[in-house]
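The values are calculated or read from the model by the stated rules, or taken from the named source; none is laboratory data. Worth saying up front: this structure is predicted, and the values here are computed from it rather than measured. FYI the Cβ positions are ideal-geometry reconstructions off the backbone, even for glycines, and counts take in every protein chain you see. Only protein heavy atoms, including side chains, enter the accessible area calculation; ligands, DNA and RNA are left aside. Shrake-Rupley method; radii C 1.70, N 1.55, O 1.52, S 1.80 Å.
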Amino acid sequence: RLLNNADADCNVTFGNYTLDGVADVALASCTAVGHNALSGVLTSDASGSVAVGRNALNSLTSGQRSTAVGYYALANCDDGDNNTAIGWEALEANAGDNNTAVGTQALKYCTGGHNTALGAKALDELTSGNYNTAVGYESLHQMDSGEENNTGVGYQSGSNLDGGANNTFVGAST
């Protein structure tokens, strides 16, 4: 489809069904590598997105300037802007804006915004919370919905927190 689109500009695609949803829209500066990467029904608002890995950003329709690297990274994100996901299933269910996840399943179920997770399973159960930061394996990983402004640094830091706001945890298993 991209081949026959005169309005598309500066896009790179490699793999089965990459950028498959592009019809006659002015999509620009996207990169898709891997089976089903960036394969959703895209609008020109999706410009500037990068997807590397099977099903990375495969549901994106209008979100802008997001980067997904890894199997199912940002796979279910349809309109979130400015997100970065690196790792297997990182930010898989994302619907929010300005999230950063680095690590296997980091921020996997997140639909909130402005969250940062660095480490495998960091903030992996968070759904609707905002402005949280987790650094370390399973840091803040029991938080599931509505928690805001929490920080965890260290292996399993704050991993038993389920509810609450404005908390800081530093150190392993704190």
### Task
Choose one answer from 21, 163, 40: the residue with the largest mean-square fluctuation in a GNM of the chain with alpha-carbon springs under 10 Å.
163
### Query
In the chain, what percent of the accessible surface is made up of carbon and sulfur (1.4 Å probe, ligands and nucleic acids excluded)?
49
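Give, as a single signed number, the net charge of other residues whose beta carbon lies under 12 Å from the beta carbon of residue 147, with Lys and Arg counted +1 and Asp and Glu -1.
On the way: positive: none; negative: 125, 144, 148, 162.
Here the charged neighbours net out to -4.
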### Query
Taking amide H positions as placed 1.01 Å from N in the peptide plane, with prolines and chain starts having none, which residues 5 or more places from residue 103, or on another chain, fall under 5 Å of its amide H?
86, 87, 119
### Message
Could you derive backbone 3J(HN,Hα) for region 120-133 from the dihedral phi with the Karplus parameters 6.51, -1.76 and 1.60 (θ = phi - 60°), listing whole Hz in sequence and x where the residue is Gly or Pro?
### Response
4, 6, 5, 6, 5, 9, 5, 9, 9, x, 10, 6, 9, 10
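When a/c reaches 1.5 or more, the comparison of a/b and b/c decides; with that in mind, is region 81-170 rounded, prolate or oblate per its Cα gyration tensor?
On the way: a/c = 1.70, a/b = 1.22, b/c = 1.39.
Oblate is the answer for region 81-170, as a/c is 1.5 or above yet b/c matches or exceeds a/b.
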### Query
residue 35 versus residue 149, label points 7 Å from Cα toward the beta carbon: distance in nm?
4.6
### Query
(i) 19.7; (ii) 15.6; (iii) 20.1: which one is Kirkwood radius over Cα pairs in Å as calculated from this entry?
(ii)
### Heavy-atom surface of the chain, accessible at 1.4 Å and reported per residue (Å²)
42
### Task
Could you grab the relative contact order for region 97-174? Cα pairs under 8 Å, six or more apart, rounded to a whole percent.
21
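Charges at C-beta only: +1 for Lys and Arg, -1 for Asp and Glu. How large is the resulting dipole of region 59-165 about its Cα centre, in Debye rounded to 20? Please list the in-between numbers first.
Working: 3 positive and 13 negative charges, 60 e Å.
Rounded to the nearest 20 debye, it is 280 debye.
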